[in-house]
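The next block holds one structure in the form of structure tokens; read it before the comments.
The values are calculated or read from the model by the stated rules, or taken from the named source; none is laboratory data. Given the structure is predicted, the values throughout are model-derived calculations rather than measurements. So basically every Cβ, Gly included, is an ideal-geometry build from the backbone, and we count neighbours across all protein chains shown. Just so you know, the surface numbers come from the protein's heavy atoms only, side chains and all, with ligands and any DNA or RNA stripped out. Shrake-Rupley method; radii C 1.70, N 1.55, O 1.52, S 1.80 Å.
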Amino acid sequence: MKYEERIKELKELKKIANETLDKYKNLRFDNNKKWIEKKSEISIEQLKEIIQKINHDRHPDQVELYCNLKSKFEDGKISTQELSQLFNVTMMQIQTESIIFDIARLSPESNLLLDISWLTDGYVKDYIDIYLKRKDISILEKFLPSKITEIADRILPAMKCDKEFQEIVSVLEVAVELSNNSSFVASSILLITACESLVRLFSRRIYQNQNPSLNDDEINEYIYNKFTSLESLITKGKWLNDFPIMFSEALVHYKDVNDNSLNQLRKKHKMHVSAQKRIEKRLSKFSKHTITESELYDLVEHLKNDSNELMTDEDKEIKINLSVMLNFLVRKYKDDRNQIIHGNFKEYNLKWKNYINLAAIVKIFDVFTEYEKFYNSKKNNA
């Protein structure tokens, strides 16, 4: 790649990122939709980080290094040592395809009006096409048949093994039948009721595991009466940070969740990346000329300080809570649910909307299945 091409590429990316960031300045937040404000805060922070990274990569030294290694690789004239360096540089520097996806995902149109980053069906390209408006969100309807099959073949048989799910199973069976008959409004109405029932039933089990000293009446009072709305149960319930997850996985799966514990981890990760860059810069200067004893002493001291900000093996696994894992239910999904409850059915006679409601059932089931596996494992190892 030529120097001028890389500069032009980064300049265009920065322009797009700045334009996306500017869109948030004109947003007015509805007090009844706090999730929009909280999610916007995360998006604004991530866009600022992207712009900062672009500015770093636009420095002449970084551009020259990137283009030189890229050109040698493309010409087949790169040494083994340079190949390793190219890998490191590529990992650290902006890649147009991935950053365009992130910028498009973080735009208010994609991030707030669609809010589909929690979905897992299909390929990244499907979501890029939606975010960049190459294709309409209705392309998600192609996943409806497989989601119906998944519920019929995997979710329902598992639920039928537990008497507590008997009523929910009946509701889901009718909802699936309605989906198969393209009665999407009726199906979605049943699915949102099943969703609330599932969350409360599963939440009861988790709260019981987290508070073993409470009796059944106290647990039922907390889950079914203390919180009248599903949103308050998820966001205001006293859920323990006890579910283990790899830090890298949490950053990807819950990148849109504005949670204090996750925000602290993001801050820690940002410090780690900054420290890595400082260490790399210091060591590159060291390799370019003979270093004096005084300079060596300063280098060692700086490296010690930088190393204090690096993440350790202890940071690889973190603990999250139920509120983080079900956060998607209190955002756009909740707004859509409210529209149905208020009798606004117009948008819900759509195949892709029905797919999203079915996908929510699957995700809820999978979250709680993983949680129960975790608790069972703890009991078996006790």
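What to note about this one:
- Entry note, the chain: relative contact order of 22 percent, from Cα contacts under 8 Å with a spacing of 6+ residues.
- Accessible area in square angstrom per residue, region 203-328, 1.4 angstrom probe: 61 Å²
- Of the trypsin sites (Lys or Arg not before Pro) in region 235-325, the ones in a loop by DSSP (not H, G, I, E or B) with at most 12 other beta carbons within 10 Å are Lys238, Lys288, Lys316.
- Average accessible surface area per residue within region 81-198, 1.4 Å rolling probe, Å²: 50 Å²
- Computed lengthening from Ile279 to Ser182, 0.36 nm per intervening residue step minus Cα-Cα distance: 29.0 nm
- With all projection directions averaged, the alpha carbon convex hull of region 164-236 covers 5.4 nm².
- Amide H within-cut-off set for Ile320, under 5 Å, with H built and near neighbours excluded: Asp242, Phe243, Ile245
- Bridging of Lys70 to aspartates and glutamates at a Cα separation below 15 Å is possible for Glu4, Glu5, Glu9, Asp57, Asp61, Glu82, once same-chain residues fewer than 8 apart are set aside.
- DSSP-assigned coil residues among chymotrypsin sites (Phe, Trp or Tyr not before Pro) in region 110-150, each with at most 16 further Cβ atoms within 10 Å: Tyr123
- Local electrostatic count at Asn258 - Lys and Arg +1, Asp and Glu -1, tallied over other residues with Cβ under 11 Å: +1
- When only Cα pairs below 8 angstrom with a gap of at least 6 residues are kept, region 217-346 shows a relative contact order of 49 percent.
- Span-like helix criteria (full DSSP H runs; alpha carbon extent of at least 27 Å along the helix axis; mean Kyte-Doolittle hydropathy of at least 0.5) are satisfied in the chain by 184-210.
- Over 18 Å apart at the Cα level, from the set Lys48/Lys268; Lys38/Lys255; Lys160/Lys351, are Lys160/Lys351.
- Links that overshoot a 23 Å alpha carbon limit, given the list Lys2/Lys77; Lys236/Lys378; Lys236/Lys379; Lys142/Lys363: Lys236/Lys378; Lys236/Lys379
- Cβ-based charge dipole, region 226-382, positive-most Cα from Asn321, Leu358, Ser284: Leu358
- Shape of the chain, Cα gyration tensor, a/c cut at 1.5: prolate
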